[in-house]
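The values are calculated or read from the model by the stated rules, or taken from the named source; none is laboratory data. Note that the structure is predicted; figures quoted are calculated from it, not measured. FYI the Cβ positions are ideal-geometry reconstructions off the backbone, even for glycines, and counts take in every protein chain you see. SASA here: full protein model, heavy atoms, side chains in, ligands and nucleic acids out. Shrake-Rupley method; radii C 1.70, N 1.55, O 1.52, S 1.80 Å.
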Amino acid sequence: MSDTPPPVSGTALDPVRAGALLRPEFPVARVARRLGIAPADAELALRDPERAREAIGRAAAAYLEADDARRAGRVPTGPLALDPDFPTGVGMALIGAAVLWEVGSLIPRMALRVAKDHYESGDDELAASCIALAQEHAEPGADDASAWAAQSLLVAVLQRSGDPAAADEIARDLVAHDVPLELWRDDDPSLPDDSLAWHGGAFVGGIPPRRDERSLSYEDVHDYLGTMLAQMRREQEAEEDAGHGR
């Protein structure tokens, strides 16, 4: 009998998830803990796409609720709020899980929150990556406010770290669609009644360059998710080594 785990449904369509799940060093325990899955059930749950997606949905709702409390000046509660990486690291981890398990409907709101965190901490590269994720997964009619809010945040990112002319062009597009230029500042953005539906908003002139002057792309987001998974694996190994040393 082979020790190779059975293939996960849908991985042929998503080499990122396939490669992650089939690696023997995939940080099952850490990912399961973030998703609220019992350790004894982690292996089976993460290899069952439907169970994993249900867990991601519950974790995403808990993250948004805790982040709402934080942004409103209240003390957030729940296991995710107690995580030392809350809010930004937790949000990014949940986005990574949503990408890997193809729960695209959860990504726009979470990616917008994390993009705001990165922008406010001065990391425009990661802010732009999360903006790209929010808009890539936005469904017109369902995610209009989140997508337009991400577009308005892109203006701020471009003004600070990118191309001011591109920022002006995007700002004019926002005005043409009756979208407030400061929409991204709203914790739970909503559009005025006369705003037009999200149009898929191509990035005018690209998103800001990295420090090495390469333009960011959607593929860079997947690279970042891979880096995040590798970091999670290292942290898990460090925890296990510390436990063995007791």
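Computed quantities for the displayed model
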item	result
Residues of region 176-196 satisfying the condition of being in a helix (DSSP H, G or I), at pLDDT 95 or above and surrounded by fewer than 18 Cβ atoms within 10 Å (Cβ to Cβ)	Arg185
Candidates Ala165, Ala98, Ala150, Ala111 - the one that is open to solvent by less than 20 Å² (accessible area, probe 1.4 Å), over 17 Å from Gly57 (Cβ atoms) and either in a loop (DSSP other than H, G, I, E, B) or touching a residue at least 12 places away in the same chain (Cβ under 8 Å) (or both)	Ala150
Among residues of region 34-50, those that are assigned to a helix (DSSP H, G or I) and more than 20 Å from the chain's Cα centre (by Cα), counted	7
Candidates Val31, Val8 - the one that is part of a helix (DSSP H, G or I), open to solvent by less than 30 Å² (accessible area, probe 1.4 Å), farther than 30 Å from Arg185 by Cβ and at pLDDT below 95	Val31
Hits in region 62-95 - residues which are part of a helix (DSSP H, G or I), free of Cβ contacts under 8 Å to residues at least 12 places away in the same chain and open to solvent by 60 Å² or more (accessible area, probe 1.4 Å)	Leu82
Qualifying residue in region 141-148 (condition: within 26 Å of Glu65 (Cα to Cα), polar (S, T, N, Q) and either at pLDDT below 95 or in contact with a Leu (Cβ under 6 Å, 6 or more places away or on another chain) (or both))	yes
Filter pass, Arg214 being surrounded by fewer than 20 Cβ atoms within 10 Å (Cβ to Cβ), closer than 30 Å to Arg34 by Cα and modelled with pLDDT under 90	no
